[in-house]
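Readers should treat all values here as calculations from the given coordinates under stated rules, not as data from a laboratory. Please read these numbers as outputs of a predicted model, since none were measured by experiment. Virtual Cβ from ideal backbone geometry, glycine too; neighbours counted across all protein chains shown.
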Amino acid sequence: MRLTPEQVEHVALLARLRLSEEERERFTTQLNSILEHFEQLQQLDTSGVPPMSHAVAMSNVFREDDPADPLTPEDALQNAPDRARDCFRVPRVIE
Amino acid sequence: MSALNDLTAHELSELLGKREASAREVLEATCARIDEVEDNLAAYLLLTREEAERQASAVDERRARGEDLPALAGVPLALKDIFCTKGIETTCGSRILKGFVPPYDADVVERCRENGLVLVGKTNMDEFAMGSSTENSAFGVTHNPWDLERVPGGSSGGSAAAAAASSTIVALGTDTGGSIRQPASFCGVVGLKPTYGRISRYGVVAFASSLDQVGAITKDVRDCALMLNVLAGHDPRDSTSIAAPAPDYTRALVSELAGMRVGLVKEFMEYQGVGVDREVGAAVRGAVERFHELGAECGEVSLPHLNYSIPVYYLIAPAEASSNLARYDGVQYGYRTPEEGAADIIEMYRKTRDDGFGPEVKRRIMLGTYALSAGYYDAYYLKASQVRGLIRRDFDRAFEQYDILVGPTSPTVAFRLGEKTEDPIAMYLSDVCTIPVNMGGLPGMSLPCGFSPDGMPIGLQLVGRSLGEEALLRAAYAFEQTTDFHRRRAHSVRERNGRRCVVARASA
Amino acid sequence: MAKYRPNIGLEVHAELNTRTKVFCGCPTAVGAQPNTQVCPVCLGFPGVLPVLNRRVVEFALRAALAMNCEIVRPSIFERKGYYYPDLPKNFQISQKRAPLGRKGHLEVTVNGETKRVGIYDVHIEEDAAKLLHPEDDRGHSLVDFNRSGVPLLEIVSDPDMNSAAEAEAYMNAVRDMLLYLGISECRMEQGQLRFEASVSLRPEGESELGTRVEIKNLNSFRAVIGAVGYEIWRQSQALDSGEELVQETRLWDDERGATEPMRTKETAMDYRYFPEPDLTPLEVDDEWIGRIRAELPELAEARRRRLTEQHGLSDYDAGILTGDKVLADLFKATAAEGAPAKAAANWLTGEFLRLLKEGGLAAEQTRLEPKGLAELIGLVEKGAINAPAAKQVFGKLFERGGSPSEIVKELGLAQISDEGEIAGVVDGVIEEHPDAVENFHKGKEQALKFLVGQVMRKTRGRANPQLVNELLRKRIGGG
């Protein structure tokens, strides 16, 4: 599998990154060399091996449906880069 | 006599308890050291001196009133800037979080406060903990106190450098693929990454959630046990936190190893046929000898799937990171690239993230996004998760024969600044011995086991069974008692080649 | 027109009515000031972690079992990644590869016939924040995170419905079920129930499903029915003229009454699902399933059938009684208190609904209790009060509850069944109205009714009418 600069651009859009021409070239080369190094994984037979997605096997961890104190609106909004009317403000989203 | 800040936490605890020193005095000595070395070291991103003075005074007042105080009350603490601190800026080494002031404390920060530790500052780190040298910080490079031309390791490089230079007494780090152990090794201090789930991740900025674990970086093994007593325990705010109560870890500190079975891991000494540096290998074999002399039964063991740990790690960790870091988009907090003209939300996101993240973070986000994307999930992420299971199985088998596994923490001593920044794979390979331990969710520890001919510390890695921290501490403590590596401090500053340097010197 | 057979599938998103959000302790009440029901977790702040609300699982299990689903073990949470400002982490915690329940079905009634609709999966996820688009700041949108993290149940049907009417019946069945289970308020105007539809057409007789079109922005039953109807029409027009249909997502425009393709710039959606590492798997054991199953209330459809078959109620009465959960529970409990089903049904579908309508009230706003109603029915059956008195008593029970026999005493409504007492009044009336007596003797039955009325007036309606009749006939001859 070799990544093309177009695929790299597509991945960048998925990840909401904007790459310069130069970055796109560099990432294409670097990602390809990393993925090439990783090809060895494909040689390993893992049929029937369950994937390990958690480091420690645990299940059924819950909290009860008891309310906790929310933040004050000031604490909630104090870090916002842009705010208005007790809300977070963003460029217009077209529905 | 050494300056107060050159002492260990347990030594200070004793002095403070006997009122032979006050928390204020300990803090002053520590701050004096910071003033002396920080220009050269750049271990800290932020100093919290006023807050520290208040905390130290409060401890002294409580002691004067005759209150029974926790063991480490009054001991200075440095926090990697990955821990959320209420009311104190937390950047995770990233421009995208510049100015972020969390309205909450991480669980471990609460625990440290409750135990009277005195926060002196937040330490430098690789951006979002992605790196092995602290060169990926958005806010400058931290230097290794043993040789300022070298890296302190990473990603908890600031914490390790500060502990090694005695510009703090204890420090906290996080470890996703070796980020506590490798810098501890490079800086000649002790670092323990406990079992996944033993310490709460609540309030710790996430890198790779299924691998991240908190731990302490200290000057010796006893301090490490004392810190684990402070940090370990159940937290209902972290679903992956282990419910079993934490023991008193200082009880594990005994000076013999009779009956303990110690296995030297072949793949730690040689990854895919390439051996570790000669002096590193020699120091580790010397340590195994020492274990034998202390009464342990020693042998060699092979864990074949460890030869795949680099690709497995660099698929799983970036995949999780690409998702964890999606939230940095300039809406609720942190940096946002100012809008020009008719702004569009997608462009706002892309510009903000382009300006806010450094190259290594972007590289991993790209890699992780690709590994999870349609059509590649099975070949990359799923495959890696399966091999991760095989790595864990290898460990389980090895632990049928051995109580602890050992090897070097890193294949080399600290490398030179800039040496590996242009070659991602070479950089990734410096974590080859530590990464498998995170894959397995197991406890791992690094402690000094020697020095290279050019005076750089070498780290010994110990790996235990799940929740086997006590076995690690016991082995580490017994070993440490037979050496003086932990008493050497990188603590004098002098001119070298026209620069002020902090240089190594064995303490008297 | 019936050249094509439509296949319709529906995705229902229902907000669950737990006290707190699915992964944090913030309250879920609607209508609060913006960003007052938020915390670091539902704002997606760095380093904080989700912890699953146990009640959300219980509620979702109720729905999954009520729809006869297989419970998946273990069930896991996954992250669904996409960037949108209403999504604080830019991923939504949801379930895909191992949802809580799958392979179920729901029975719905269309034109008196029962149809089984397959349930593909039932899963838990978190709601998104609310976006506001201020009129006076057209360059920006505002984000209110109060709704962020409210628990959602997503119910995905198989494409088993073949008409808009079936889709409507299915939506009704789902809504009834959620209300019966007490797990969602289903207030559509508050967005507590939201839909997405998929429509495909295939030539009659063909077994392969046609090209699938998904429709979003459906916020009411009416919108779903309109959109499905429109899409069937649009697709059959296209197929008639030999056009190739494209698999796409379209938006319903309520005002125009039409669907249109989404104008999104986004290339093909790639959600990059992977297991949520911050949450543990869910292992629902047999004991838990057994407990939830035992607590499961009877669903509307089953209850409707039982009312007609076992209790002999008309379809009409049964339909009314099961159409509203409060009404249905009142009926069930009244019958459980020993009241005959028919009488209980009459009171509830008659006087009760009339009073509700008159007062503009919802069923749960009244004080009527099953025990009181059952006792009232008993008093009428025993002849302790007559019908007009019973209506008065019912009015009081509706207003303020209490014991019917005490209300009867308080209002002096007890029926007079003492022969001596009534005889005295009867004699007086006969004396006062000799002309009426004469008319009766001439064969005018009407006159007897008049005399009965006079007796009732004098006893303020309390005399036992049967007894009055008997005594009058005895006194003035004729029997």
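Computed values, structure above
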quantity: Region B:258-302-region B:75-130 distance, computed between alpha-carbon centres (Å); calculated: 36
quantity: Region B:1-73 - convex hull of alpha carbons, volume per residue in Å³; calculated: 92
quantity: Added length on full extension, which subtracts the Cα-Cα distance from 0.36 nm per residue, B:Glu20 to B:Arg113; calculated: 31.2 nm
quantity: Distance between modelled label sites at C:Arg475 and B:Arg393, nm, 7 Å Cα→Cβ extension; calculated: 10.2
quantity: Modelled label reach - B:Ala58, point 7 Å along Cα→Cβ, region B:79-97 residues with backbone N closer than 18 Å; calculated: B:79, B:84-89
quantity: Cα extents of region C:419-475 along the three principal axes, largest first (Å); calculated: 28, 19, 19
quantity: Pair B:Ala426, B:Gln272: separation of 7 Å Cα→Cβ label points (nm); calculated: 1.6
quantity: Local electrostatic count, B:Pro443, Cβ distance below 9 Å [Lys/Arg +1, Asp/Glu -1]; calculated: +2
quantity: Cα centroid separation, region C:360-426 to region B:358-381 (Å); calculated: 75
quantity: Nearest-ten-degree value, helix C:465-475 long axis tilted from longest Cα axis of chain C; calculated: 20
quantity: Helix C:387-400 axis, angle to chain C major axis (alpha carbon atoms, nearest 10°); calculated: 40
quantity: Charge-dipole axis of region C:313-411 as Lys and Arg at +1 and Asp and Glu at -1 on Cβ define it, positive-most pick from C:Ala343, C:Ser403, C:Pro370; calculated: C:Ser403
quantity: Nearest-20 debye value, chain B charge dipole, Cβ charges on Lys, Arg, Asp, Glu; calculated: 180
quantity: Neighbour cut-off at most 16 other Cβ (10 Å), DSSP loop, GluC sites (Glu not before Pro), region B:120-171; calculated: B:Glu149
quantity: Sites C:Glu432 and C:Glu309 - FRET efficiency at Förster radius 51 Å, r taken between beta-carbons, to 0.05; calculated: 0.40
quantity: Cross-link pairs C:Lys115/C:Lys371; C:Lys371/C:Lys458; C:Lys3/C:Lys325; C:Lys332/C:Lys449; C:Lys325/C:Lys396; C:Lys382/C:Lys444 - those with Cα-Cα distance over 29 Å; calculated: C:Lys115/C:Lys371; C:Lys371/C:Lys458; C:Lys3/C:Lys325; C:Lys332/C:Lys449; C:Lys382/C:Lys444
quantity: Kirkwood-Stokes translational diffusion coefficient of the protein assembly as shown, alpha-carbon pairs, 37 °C, 0.692 mPa s, µm²/s; calculated: 98
quantity: Net charge, C:Ser148 excluded, C-beta distance under 9 Å - Lys, Arg +1, Asp, Glu -1; calculated: -1
quantity: For region A:45-72 and region C:268-302, distance of Cα centres in Å; calculated: 14
quantity: Residues of type lysines that B:Lys420 reaches as a straight line, Cα spacing below 19 Å, ignoring anything fewer than 8 places off in the same chain; calculated: B:Lys362
quantity: Exposed-loop-free span, longest in chain B, where trypsin sites (Lys or Arg not before Pro) count as exposed if DSSP calls them loop and at most 10 other C-beta atoms lie within 10 Å; calculated: B:66-508
quantity: For the protein assembly as shown, calculated [θ]222 nm from helices alone, where every DSSP H run of n ≥ 4 adds -39500 (n - 2.57); calculated: -11500 deg cm²/dmol
quantity: Relative contact order (percent, whole number), chain B, Cα cutoff 8 Å, 6+ residue spacing; calculated: 18
quantity: Separation of the C:Val246 and C:Lys216 label points, Cα + 7 Å toward Cβ, nm; calculated: 1.6
quantity: Dipole magnitude of the protein assembly as shown, debye to nearest 20 (Cβ charges: Lys/Arg +1, Asp/Glu -1, about Cα centre); calculated: 1080
quantity: Mean projection area, nm², convex hull over Cα of chain B; calculated: 23.6
quantity: Where only C-alpha atoms are counted, convex hull volume of region C:4-288 per residue in Å³; calculated: 154
quantity: Per-pair calculated FRET efficiency, R0 = 56 Å: C:Arg354 and C:Met262 via Cβ, rounded to 0.05; calculated: 0.70
